[in-house]
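Written out below as structure tokens is the structure these notes cover.
The values are calculated or read from the model by the stated rules, or taken from the named source; none is laboratory data. Source: prediction; values computed, not measured. Note: accessible area is taken over every heavy atom of the protein model, side chains too, but ligands, DNA and RNA are not part of it. Shrake-Rupley method; radii C 1.70, N 1.55, O 1.52, S 1.80 Å.
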Amino acid sequence: MSDMALQRFAGAIRKIPDYPSPGILFYDLIPALADGEAFHEVLAALDESTPKAGIIAGVEARGFLFAAALAALRGCGVLAIRKAGKLPPPVAGEDYALEYGEARIEIPADGVALAGQDVVLLDDLLATGGTLAAAAVLLAGRGPECSQRLRWWNCPHSAAGPGWRRKASTW
Ligand SMILES: O=P(O)(O)OC[C@H]1O[C@H](OP(=O)(O)OP(=O)(O)O)[C@H](O)[C@@H]1O
Ligand SMILES: Nc1ncnc2[nH]cnc12
């Protein structure tokens with residue numbers, strides 16, 4: 001992705017201090033996603049830099065936007081990792097802590113063919129990393145047949161700097 005495209009996407013992100021609680025700087029990506037050219041560039045860069053995979057996993061809700069858009073571009077499947085209480089049983093779940101609270105994510109315990117699949121796990125931004133770590137643990141719990149290549153979109157103005165970040169499947 002060109003620096004200009006990144007700057008345009010990053011510049012459209014609203015940063016709201018002390019939301020939803022004091023001390024949190026909230027990154028609202030909705031205006032950036034609504035910028036068609038910038039979003040298109042981000043997706044093209046994601047397509048170039050993310051390993052090919054049988055299925056792309058995204059965490060509800062904002063992660064769905066990136067995972068589904070990339071999957072549609074590539075013609076592969078999406079694994080929708082849902083917040084607690086949305087899926088019928090049986091489910092596999094994982095609890096985790098957010099910057100501002102706690103949450104639980106779930107996937108169907110059966111019905112999704114993960115055996116032998118390469119799974120790329122995507123999310124819109126990384127704050128504590130708790131969401132992606134929980135998603136990785138959840139997928140790892142599906143057994144050694146499910147390999148994971150983790151990659152996420154990092155807050156463009158966070159201390160870690162802009163861009164895509166990758167972590168090997170060593171959670
Ligand atoms: O690195 P972390 O500290 O885990 O934070 C990042 C996560 O927080 C946000 O989701 P959120 O749970 O707020 O849900 P939403 O997408 O439904 O708003 C964001 O979309 C990431 O998934
Ligand atoms: N600072 C932040 N901005 C937007 N979404 C978040 N999710 C967790 N922390 C966040």
Carbon and sulfur: what percent of region 25-135's accessible surface (1.4 Å probe)? 57 percent
Quick check for you: with a 1.4 Å probe and neighbouring chains kept, what is the accessible area per residue of region 1-49, in Å²? 59 Å²
List every residue whose amide H lies under 5 Å from the amide H of A57, counting only residues 5 or more places away in sequence or on a different chain, with H placed 1.01 Å from N in the peptide plane. L79, V120, L121, L122
With a ≥ b ≥ c the root eigenvalues of the C-alpha gyration tensor of region 1-122, is it rounded (a/c under 1.5), prolate (a/b larger than b/c) or oblate? oblate
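Rounded, prolate or oblate: which fits region 1-64, taking a ≥ b ≥ c as square roots of the Cα gyration tensor eigenvalues, rounded meaning a/c under 1.5, else prolate when a/b beats b/c? Spell out each step's value before the answer.
Values: a/c = 2.55, a/b = 1.41, b/c = 1.81.
Oblate, because a/c is 1.5 or more while a/b does not exceed b/c.
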Once you order the gyration tensor axes a ≥ b ≥ c over the Cα atoms, which shape class does region 52-157 get: rounded for a/c under 1.5, otherwise prolate or oblate by comparing a/b with b/c? oblate
Whole-Hz Karplus couplings 3J(HN,Hα) for region 81-88, θ = phi - 60° and coefficients 6.51, -1.76, 1.60, Gly and Pro as x, run 8, 9, 6, 4, x, 9, 9, x
